[in-house]
Amino acid sequence: MQSREKIESDTRNRQKKPMDLKSHLPLKPLESRRDCHTVDAVAERRISHYRVIRQIGRGGMGEVFLAKDTRLERLVAIKLMSVDLAKDPNQRQRFQTEAKAASGLNHPNICVVYEVGDSEDSRPFLAMEYIDGRTLEFLMRQRRIKIRESIEIGIQLADALEAAHARHLLHRDIKPGNIMLDKRGNVKLLDFGLAKRFRSEAFSSASSDLSHTDTGMTIGTPHYMSPEQALGRELDDRSDIFSLGIVLYELVAGQRPFRGATTGETINSIINTPPEPLGLENPLFSPALDNIISKCLAKAPEERYASAKDLADDLRTLKVESKRARSATDSGVVVPVKFKPDSEEGTKLWQLATKVNRGPTSRPHSRRTVGLD
């Protein structure tokens, strides 16, 4: 181990020597998590024409770096595939899929992909829009998300899905880890690596599938799959709506609607078990929000929202009506939100309180009160 004096001396020498932007040092994987806090581990290294600044993420697929585009003088996020996965043709194809899918989408709530390429050590990379913020998964671990915030997040995500679905593109991996919020609270949907075209008259069979996966294959994150996705059936845009419903439920209730000790138990719950009641006690949002989430989580696709636009419209209506009701509440009068659900809908989450069989392993919900809106 180097002495502190030696490290400080080396650092001073590097600071005196200007960085040679023409050098192309191959980027090696970091040896340990401690390295992600060490500037020396990535200093003066480049991926194509991107100068690496620091590591900002790490996972099973590889590493994510903050980098400087030396041509356009802008900050970008570089997703670099791990050495092991780079040897897998299917994983390399997934990178190409993400680039093709996201590059064709132009929406403020979808992360922009600028470029796909290979590093000098033949590892695929994506150059993406750098978002100065946190994933929804991280924020949910830090604090309980307010209901008003959850509604706004839902609106922006539904808008993003509407844009993707308009191009007949399914995301297939909607989850908190693929959702970011910047410092202004704007939502960005990430990672179209599992994206897939769904059938439409507007697309020929030659262009119907970006991901080269067929019916019968299960792809996605188990806790956030739709029933038809878990069963490996053919999907359409209503599958993404179900996954978004799971995210909304988790935001409001503080836990996922479908749980299990194993992946198999979780999938069985998604397919067969109705979610527990949300437990909302806030007249500003209940039963309207219960109805919306219940419709997203219908087991049968035809019982869900027909489109992400319809979901966004209902969430916006709830947002406006809850503000109106809040104003009345501030005046000393409680006015329930006027939200008219479809008359043909089945049992709602808020109606399940006396119908759900709570086993010994069920965990009670913490009740949402007016003070937590």
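For the stretch 221-243, state whether one or more residues are without any contact (Cβ under 8 Å) to a residue 12 or more places away in the chain, over 17 Å from the mean Cα position of the chain (by Cα) and part of a loop (DSSP other than H, G, I, E, B). No, that holds for no residue. Out of curiosity, is residue 273 within 23 Å of the chain's Cα centre (by Cα) and of a type in the set (Ser, Thr, Tyr)? No.
For the structure I just gave you, tell me whether residue 295 is assigned by TED's automatic domain parsing to the domain that holds residue 170, modelled with pLDDT of 95 or more and within 26 Å of residue 321 (Cα to Cα). Steps first, answer last, please.
Numbers: assigned by TED's automatic domain parsing to the domain that holds residue 170: yes; modelled with pLDDT of 95 or more: yes; within 26 Å of residue 321 (Cα to Cα): yes.
Spelling it out, residue 295 is indeed assigned by TED's automatic domain parsing to the domain that holds residue 170, modelled with pLDDT of 95 or more and within 26 Å of residue 321 (Cα to Cα).
Could you go through the stretch 57-73 and let me know if any residue there is in contact with a Lys or Arg (Cβ under 6 Å, 6 or more places away or on another chain), closer than 20 Å to residue 177 by Cα and not assigned by TED's automatic domain parsing to the domain that holds residue 156. Yes; the residues of the stretch 57-73 include at least one that is in contact with a Lys or Arg (Cβ under 6 Å, 6 or more places away or on another chain), closer than 20 Å to residue 177 by Cα and not assigned by TED's automatic domain parsing to the domain that holds residue 156. Residue under question is residue 140, and the condition is that it be touching a residue at least 24 places away in the same chain (Cβ under 8 Å) and within 22 Å of residue 50 (Cβ to Cβ); does it hold? So residue 140 does not fit the description; no. Is it the case that residue 258 is touching a residue at least 12 places away in the same chain (Cβ under 8 Å), within 21 Å of the chain's Cα centre (by Cα) and in the same structural domain as residue 238 (by TED's automatic domain parsing)? Here the answer is yes, as residue 258 does meet what is asked. Could you tell me whether residue 99 is more than 25 Å from residue 246 (Cα to Cα) and modelled with pLDDT of 90 or more? When the stated conditions are applied, residue 99 does not pass them.
Out of all the residues in the stretch 30-47, is one or more in contact with a strand residue (DSSP E or B) (Cβ under 8 Å, 6 or more places away or on another chain), modelled with pLDDT under 85 and within 21 Å of residue 192 (Cα to Cα)? Within the stretch 30-47, none of the residues are in contact with a strand residue (DSSP E or B) (Cβ under 8 Å, 6 or more places away or on another chain), modelled with pLDDT under 85 and within 21 Å of residue 192 (Cα to Cα).
Residue 152 meets all of the listed conditions (1) crowded, with 21+ Cβ neighbours inside 10 Å; (2) charged (D, E, K, R); (3) out of contact with any helix residue (DSSP H, G or I) (no Cβ under 6 Å at 6 or more places or on another chain) but one, namely (1).
Total residues in the stretch 244-269 satisfying the condition of being touching a His at 6+ places or on another chain (Cβ under 8 Å) and buried (at least 22 other Cβ atoms within 10 Å of the Cβ): the figure is 2.
Taken over the stretch 157-172, residues that are within 15 Å of the chain's Cα centre (by Cα) and buried (at least 23 other Cβ atoms within 10 Å of the Cβ) amount to 8.
Any residue that is of a type outside the set (A, V, I, L, M), surrounded by fewer than 19 Cβ atoms within 10 Å (Cβ to Cβ) and at pLDDT 80 or above - is there at least one of those in the stretch 198-220? No - not one qualifying residue is present in the stretch 198-220. Residue count for the stretch 256-293, restricted to those that are part of a loop (DSSP other than H, G, I, E, B) and aliphatic (A, V, I, L, M): 3.
When you scan the stretch 97-112, do you find a residue that is touching a Ser or Thr at 6+ places or on another chain (Cβ under 7 Å) and not in a helix (DSSP H, G or I), even just one? Lay out the reasoning, then the answer.
Our first condition is that a residue be touching a Ser or Thr at 6+ places or on another chain (Cβ under 7 Å); within the stretch 97-112, this holds for 97.
The next check asks that each one be not in a helix (DSSP H, G or I); those that pass are none.
Among the residues of the stretch 97-112, not one is touching a Ser or Thr at 6+ places or on another chain (Cβ under 7 Å) and not in a helix (DSSP H, G or I), which makes the answer no.
Out of all the residues in the stretch 47-61, is one or more in contact with a Ser or Thr (Cβ under 8 Å, 6 or more places away or on another chain) and of a type in the set (Val, Ile, Thr)? Within the stretch 47-61 (the criterion being in contact with a Ser or Thr (Cβ under 8 Å, 6 or more places away or on another chain) and of a type in the set (Val, Ile, Thr)), the answer is yes, since at least one residue qualifies.
The values are calculated or read from the model by the stated rules, or taken from the named source; none is laboratory data. Here the structure is a predicted model, which is why all the values come from computation and not from measurement. Quick reminder, even Gly has a Cβ in these numbers, built from the backbone with ideal geometry, and neighbours come from all protein chains shown.
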